Amino acid sequence: MKIITIESVAQLIQQYGLDNYIKDLMKALKRDFGRWDSFTKMPRPAMHVPGGVLELMPICDNDKYYTFKYVNCHPKNPLTGKMTVVATGQLSRIDNGYPLMFSEMTILTALRTAATSALATDLMARKNAKVVAIIGTGAQSEFQIKGLQLVRKITEVRYFDIDKKAMDKFEKNMKGMKVQLVRCKSAEEAVKGADIITVVTACKANVHVIKNAWVKEGVHINALGGDTINKTELEKSILPRSRVVVEYFDQSFIEGEIQKFSEKVARKLVYAEMHELVNGKKKGRANENEITLFDSVGIGLEDYSVLRLTYELSEKYHIGEDRNLIPSMRDPKNLMSIVRKDIK
């Protein structure tokens, strides 16, 4: 069984190239969203605990693989020097159930989230969009900008976070990315004049990070931080003004911005699921003045895409370690032989 550590992912990205990896991941996402009906899906089970939430994200490709991701979200973790979100994941064969790979997924989650929002932006944002506002400059923020740069000619990035140290970190890491950086004093200042708004905050509450009055015609919004029950970022009145696209309605209705509405109203508000845009069944944008909104919560299919790509690249470049996490025996029924030396 292959083990992919943080060091393995870093080696893979450095050897293969960050841009190349995200581009290939976008292709993998297109492939897998395009095979939507080939997957057995379910809304992720979540356990709400003091200070956060613990989630398991399983999905089965009925052709070849099964994957799952374990992930948390504990917004107060940075106060004690820990990350808000960490994750691990597994890729297994469906023909015999044997695991092929166990992997870190904290970095891979940031990469797949960036690739997914870049894909949505490419399908929904105006072609001439060039000014980005990002609200929330935590661990995923630079990945988000890197993804957007691959689908639009971004010239300016306006950014804001309630944590000034996070803004300092973002500004330092963004140097060399060939965009004008505008440090803003508020979310309102960042949003006004933006063509693309990406919101990726961690506060576990129903808050108005973005208010309706700030949102101009023609803008595209990636709402990424509202990813659990009672955790949203947008003023409710923004949604009826927008062409709303979700990944998977059954999960988005539980955890996305659309959770603010009854199911009947939410179904009317949602224009499409992502696979319908990828397959060309529906268009991501009707005209230049339309407000488009990607109400993203992250789904198991995206984790499947990133785990499968990582496995394929790790095999190609001989990255990762092989470890015996599954018993190997001459007699597959003689499990006792593993723990007793006197049995052969």
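Yes/no per residue for (1) over 26 Å from Asn20 (Cα atoms); (2) within 20 Å of the chain's Cα centre (by Cα):
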{"position": "Ala129", "(1), (2)": "no, no"}
{"position": "Gln140", "(1), (2)": "no, yes"}
{"position": "Gln149", "(1), (2)": "no, yes"}
{"position": "Arg152", "(1), (2)": "no, yes"}
{"position": "Gly176", "(1), (2)": "no, no"}
{"position": "Cys203", "(1), (2)": "yes, yes"}
{"position": "Val219", "(1), (2)": "yes, no"}
{"position": "Glu235", "(1), (2)": "yes, no"}
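Read through the list (1) part of a loop (DSSP other than H, G, I, E, B); (2) outside the structural domain of Asp195 (by TED's automatic domain parsing), then give the number of the only condition that Thr137 fails.
(2)
Mind listing whichever residues of segment 229-282 are among the aliphatic types (A, V, I, L, M), in contact with a strand residue (DSSP E or B) (Cβ under 9 Å, 6 or more places away or on another chain) and more than 20 Å from Met124 (Cα to Cα)?
Selection gives Ile229, Ile254.
Any residue in segment 295-319 that is in the same structural domain as Pro99 (by TED's automatic domain parsing) and surrounded by fewer than 24 Cβ atoms within 10 Å (Cβ to Cβ) sitting within a Cβ distance under 7 Å of a residue that is of a type in the set (Gly, Ala, Ser) and assigned to a loop (DSSP other than H, G, I, E, B)? List the pairs, counting only those 6 or more apart or interchain.
Ser314/Gly320
Read through the list (1) within 22 Å of Leu301 (Cα to Cα); (2) touching a residue at least 12 places away in the same chain (Cβ under 8 Å), then give the number of the only condition that Arg285 fails.
Unmet for Arg285, out of (1) within 22 Å of Leu301 (Cα to Cα); (2) touching a residue at least 12 places away in the same chain (Cβ under 8 Å): (1).
Restricting attention to segment 140-180, which residues are closer than 16 Å to Ile210 by Cβ and either among the hydrophobic types (A, V, I, L, M, F, W, C) or part of a loop (DSSP other than H, G, I, E, B) (or both)?
Scanning segment 140-180 gives Phe160, Asp161, Ile162.
Would you mind listing the helices (runs of 4 or more DSSP H) fully within segment 225-331 where at least 3 residues are under 30 Å from Lys2 (Cβ atoms) and at pLDDT below 95?
Fully inside segment 225-331 and qualifying: nothing.
Restricting to segment 8-25, what's the tally of residues that are of a type in the set (Gly, Ala, Ser) and closer than 12 Å to Val306 by Cα?
0
Do you know which residues across segment 66-87 are of a type in the set (S, T, N, Q) and surrounded by 16 or more Cβ atoms within 10 Å (Cβ to Cβ)?
The answer is Thr67, Asn72, Asn77, Thr84.
Taking the condition of being in contact (Cβ under 8 Å) with a residue 12 or more places away in the chain and acidic (Asp, Glu), how many residues in segment 320-344 meet it?
Number satisfying all stated conditions: 2.
Pairs under 7 Å by beta carbon, first residue assigned by TED's automatic domain parsing to the domain that holds Asn287 in segment 241-264, partner among the basic types (Lys, Arg) and assigned to a helix (DSSP H, G or I), six or more apart or different chains?
Lys260/Lys236
If Ser38 meets every condition in (1) buried (at least 16 other Cβ atoms within 10 Å of the Cβ); (2) closer than 30 Å to Gly280 by Cα apart from one, which number is that one?
Here Ser38 clears every test but (1).
Among the candidates Thr228, Thr198, Thr232, single out the residue that is among the polar types (S, T, N, Q) and without any contact (Cβ under 8 Å) to a residue 60 or more places away in the chain.
Only one candidate passes the filter, namely Thr232.
Going through Leu91, Leu12, Leu56, Leu18 one at a time, which residue ends up being within 15 Å of Leu301 (Cβ to Cβ) and touching a residue at least 40 places away in the same chain (Cβ under 8 Å)?
Exactly one of Leu91, Leu12, Leu56, Leu18 is within 15 Å of Leu301 (Cβ to Cβ) and touching a residue at least 40 places away in the same chain (Cβ under 8 Å), namely Leu91.
The values are calculated or read from the model by the stated rules, or taken from the named source; none is laboratory data. Everything quoted here is computed from the prediction, not taken from an experiment. Virtual Cβ from ideal backbone geometry, glycine too; neighbours counted across all protein chains shown.
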